[in-house]
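Nothing in this text is a laboratory measurement; each read-out follows from the coordinates by a stated rule. Only a predicted model underlies this, so the values are computations on that prediction, with no experimental measurement involved. FYI the Cβ positions are ideal-geometry reconstructions off the backbone, even for glycines, and counts take in every protein chain you see.
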Amino acid sequence: MTFNLCRKHRTVAQLVFRYTQMAGMLPVTGTSSMQHMQEDLDALHNPFEISMPEFKMIEHIGIPHSNSRA
């Protein structure tokens with residue numbers, strides 16, 4: 001399964017903001033760019049749907065698998 005940001009018309013940062021929201025975390029922006037701040041806030045004020053399979057896929061990014069080398 002792949003996550004299609006183009007289908008959602010969102011940036012990676014917006015995806016991260018939405019994921020953290022759905023996970024019950026408080027997303028915090030750290031940008032000095034007004035454009036990036038607006039994009040970040042747009043993800044909070046105009047939430048979009050992340051399906052449960054997509055959510056689980058994002059959740060496992062960066063988690064080492066048993067067959068990977070440490």
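Observations
- Modelled this way, with points 7 Å down the Cα-to-C-beta line, the labels at E49 and M34 are 3.5 nm from one another.
- T11-M57 pseudo-label distance in nm [points 7 Å out on the Cα-to-Cβ vector]: 2.2 nm
- In order through region 12-21: 3J(HN,Hα) via Karplus (6.51 cos²θ - 1.76 cosθ + 1.60), integer Hz, x for Gly, Pro: 4, 4, 5, 4, 4, 4, 5, 4, 5, 4
- Listed values for region 35-43 are Karplus-derived 3J(HN,Hα) couplings in whole Hz (6.51 cos²θ - 1.76 cosθ + 1.60, θ = phi - 60°), namely 4, 5, 4, 4, 5, 4, 5, 4, 5, and x replaces Gly and Pro.
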